[in-house]
Amino acid sequence: MGKKPTVFLESHNIKNQFFGFGQFNYHLLKALSKTNLKGIEIEIHVRAIDKWKQVFGDIFSYKKYHAFRRYKTFSIRKKYDLWHCLNQNVKIEPRLDLPYLLTVHNITYIEDKENYMQEDVHIRFQQKLSRSTAIVYISEYAKASTHQFFSVPDVPEYVIYNGNPITEVQIPKEHTPSFAPTNKFLFSIGEFTARKNFKSLISMLEFLPDYDLIIAGKNSTKEAENIKELVAQKRLSNRVVLPGKISELDKLWCYSNCEAFVFPSLREGFGLPIIEAMRFGKPVIASNNTSLPEIGSDIAYYWNHYDPAYMAKTVTDGIQDFSKKETQNVQRSISRAQSFTWENAAKQYVEVYKNILKI
């Protein structure tokens, strides 16, 4: 029997499990480890081999990550049957001209003036596209925007949605976060950048006197300071909670206990928090742009602009509409969230591998 074809997963960002790329790496590899690989050998690229062997066992083979591999002189020379670049911004590339699969998450950085990455990032991404044998996008929006701003080769393209990592929603009854408000509240989460548009929620809150607001996420940024100043300026310090990064259990509590999840982001490649909130059967109000309507479907409610009074009315109207057929809407939300699974994503990636390898 011949040797199995080997697919190399450039997965070293798995070390950053509290960030988007790290989460993607971890959940995809975890799902692949439980999937029928159909005669394919998978080698993963990780820094702490012993740690990940305890997680995945002998399902995968392992290659140790070294930072110097990003330099061409020290690039990986092994002749794999397929190289899968899981994250579009990594600098590590194969030395040889191998069959190459690229996963594209988003190109929102193009319009993020505050965080506009150096020109070499733009160039590097175009080089990745140009060498690709096939491309996977995490949403139709990610595909459309890539075609809008870059030259995409005539290769097979696929859209494979990310999974929802929240499957269990049981929270210990005695658990309450230290930052929990006493009033009913709205919830949002994400890193504090201008792209997330959290400022609009602060202005909106003036028109929602019956609600408090929790915005969780990394708040050590310049934008976070701007938001804190706005909260103080509008005298909303007693109604706006900015706890910073929160534990997984506290996040689940917020989803479970909020009146609605609010997500005014200007640009998203996927919009995972929307389906996380839907898993709890909560009304979701989000921006009507980029990937968010694609992911939220007709179950979410949408803002077409960010006038504070209009945003507030959209929230109250959405909550009221959701409650009219609450049992039905809760079930629709949960069903939508459960349709995004890492198991399905892993199976689709294996099919893409097979298509490229022609097996």
*asked:* Please list, by residue number, everything in the stretch 139-174 whose backbone N is under 15 Å from a paramagnetic label point 7 Å out along Cα→Cβ of Tyr302.
replied: 140-142
*Which length gain, in nm to one decimal place, applies between Phe207 and Arg77 when the Cα-Cα distance is subtracted from 0.36 nm times their residue separation?*
40.8 nm
*Summing Lys, Arg as +1 and Asp, Glu as -1, what charge do residues with Cβ under 12 Å from the Cβ of Asn36 carry, Asn36 excluded?*
+2
*Excluding same-chain residues fewer than 8 positions from Lys53, which lysines have a Cα within less than 22 Å of its Cα?*
Lys4, Lys15, Lys30, Lys34, Lys38, Lys63, Lys64, Lys78, Lys347
*Calculate the spin-label point distance for Lys347 paired with Glu229, positioning each point 7 Å from the Cα along the beta-carbon direction, and give it in nanometres.*
5.2
*Return the ratio Rg/(2.2 N^0.38 Å) for the stretch 33-186, where Rg is computed over Cα atoms only.*
1.32
*asked:* Please report the carbon-and-sulfur percent of the accessible area for the chain; probe 1.4 Å, protein heavy atoms only, DNA, RNA and ligands left out.
replied: 49
_Cα shape, the stretch 130-246, gyration tensor, a/c 1.5 rule_ = prolate
*Please return the longest stretch of the chain lacking exposed loop sites, where GluC sites (Glu not before Pro) count only if DSSP places them in a loop and at most 14 other Cβ atoms lie within 10 Å.*
1-167
*Label-point separation (nm) for Phe149 and Gln320, each offset 7 Å from Cα along Cα-to-Cβ?*
3.9
*Keeping all protein chains in place, calculate the accessible area per residue for the chain (probe 1.4 angstrom), answer in Å².*
47
*Given the Cα-Cα distance of Val121 and Ile359 and 0.36 nm per residue of separation, how much length would full extension add, in nm?*
82.3 nm
*asked:* Are there any trypsin sites (Lys or Arg not before Pro) in the stretch 166-266 that are in a DSSP loop and have at most 16 other Cβ atoms within 10 Å? List them by number.
replied: Lys173, Lys184, Lys218, Lys234, Arg235, Lys245
*Angle between the Cα long axis of helix 140-149 and the longest principal axis of the chain, 0 to 90 degrees, nearest 10?*
70
*Which value at 222 nm does the chain reach when only helices count, each DSSP H run of 4 or more adding -39,500 (n - 2.57), with the total divided by all residues and rounded to the nearest 500 deg cm²/dmol?*
-11000 deg cm²/dmol
_HN-Hα J in Hz across the stretch 101-106 - Karplus 6.51, -1.76, 1.60, θ = phi - 60°, x for Gly and Pro_ = 10, 10, 9, 9, 8, 5
*For Ile49, net neighbour charge (Lys/Arg +1, Asp/Glu -1) across residues whose Cβ lies under 13 Å away*: +3
*asked:* To test your reading of the geometry: what angle, between 0 and 90 degrees and rounded to tens, separates the Cα axis of helix 308-324 from the longest principal axis of the chain?
replied: 90
*asked:* Pairs on different chains or at least eight residues apart, Cα atoms closer than 14 Å: how many lysine pairs in the stretch 192-340 fit?
replied: 11
*Report Rg(Cα)/(2.2 N^0.38 Å) for the chain, keeping two decimals.*
1.05
*Local electrostatic count, Val136, Cβ distance below 10 Å [Lys/Arg +1, Asp/Glu -1]*: 0
_List Ser145, Ser61, ordered by accessible area with a 1.4 Å probe, largest first_ = Ser61, Ser145
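The values are calculated or read from the model by the stated rules, or taken from the named source; none is laboratory data. Note that this is a predicted model, so its numbers are computed, not measured. No Cβ is skipped: glycine too gets one built from the backbone with ideal geometry, and neighbour counts run over all protein chains shown. Areas reflect the complete protein model, heavy atoms only, side chains present, ligands, DNA and RNA absent. Shrake-Rupley method; radii C 1.70, N 1.55, O 1.52, S 1.80 Å.
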